[in-house]
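Here is the structure we will look at.
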Amino acid sequence: MNVTIRRARPGDEHDILRLIHALASYEREPEAVKATPAGLAALLFGDAPKVFAHVAEMDGKVVGISVWFFNFSTWTGRHGIYLEDLFVDPDVRGGGVARALFKALADEAKAHDGARIDWGVLDWNDLAKGFYRRIGARHMEGWEPWRLDGQALKALQEE
């Protein structure tokens, strides 16, 4: 399989959203997606984007995405990348697409003097965890993900 990885560009938002929906279904939350093509286009390709994406193409079709943003480590004093989502069409899995997307992220980290790439994975997703181990990633013991959203976020904002 010949895969091409490139930064997302205007016009890719529909394919990105298609794969976001596929990811949400895979993660057993198909109704959770609220993103729209127009919203993605504004956030990814607007004047001062704070979120970025790469797409993987095979034979002119987008078959994979990585959606990411820069974070910062006070301990290293350097930026890193937080990978929000990575998804590869099931029909092409095992062909190096996910590895190529990670390589593009590693190149971004290098270009920006980034210290690391961080992401989360669902506890039941052993297939993904196996892949991450094969590329040299490690599970961060002792850290738990936390979130403030919905009504709790609104209440804090209104204090």
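Points worth noting:
- Counting charges near Asp91 (Lys, Arg +1; Asp, Glu -1) among other residues having Cβ under 15 Å from its Cβ returns a value of -1.
- For the chain, modelled as a GNM whose springs connect Cα atoms under 10 angstrom apart, the maximal fluctuation among Ala41, Ala98, Ala128 occurs at Ala128.
- Most fluctuating residue given options Leu122, Leu44, Leu148, as computed from a GNM of the chain linking Cα atoms under 10 Å: Leu148
- Under Karplus coefficients 6.51, -1.76 and 1.60, residue-wise ³J(HN,Hα) of segment 105-113 in Hz, glycine/proline x: 5, 4, 5, 4, 4, 4, 5, 10, 6
- Most fluctuating residue given options Val51, Val88, Val67, as computed from a GNM of the chain linking Cα atoms under 10 Å: Val51
- Kirkwood hydrodynamic radius of the chain, Cα pairs, Å: 17.0 Å
- Highest mean first, the peptides 134-140, 99-105 sorted by other C-beta atoms within 10 Å per residue fall in the order 99-105, 134-140.
- Applied to segment 51-63, the Karplus parametrisation 6.51 cos²θ - 1.76 cosθ + 1.60 on θ = phi - 60° returns per-residue 3J(HN,Hα) values of 10, 9, 8, 10, 10, 10, 10, 9, 6, x, 10, 6, 10 Hz, with x for Gly and Pro.
- Neighbourhood charge, 13 Å Cβ-Cβ cut-off, centred on Glu27 and excluding it, Lys, Arg +1 and Asp, Glu -1: -4
- Projecting label points 7 angstrom from Cα along Cα→Cβ for Lys34 and Asp123 puts them 2.6 nm apart.
- Percent RCO, i.e. relative contact order, over the chain, from Cα pairs under 8 Å lying at least 6 residues apart: 18 percent
Values in this text are rule-based calculations from the coordinates and carry no lab data. Everything numeric in this text was worked out from a predicted model, so none of it was measured. Methodologically, a virtual Cβ is constructed for each residue, glycine included, from the backbone with ideal geometry; neighbour enumeration extends over all protein chains shown.
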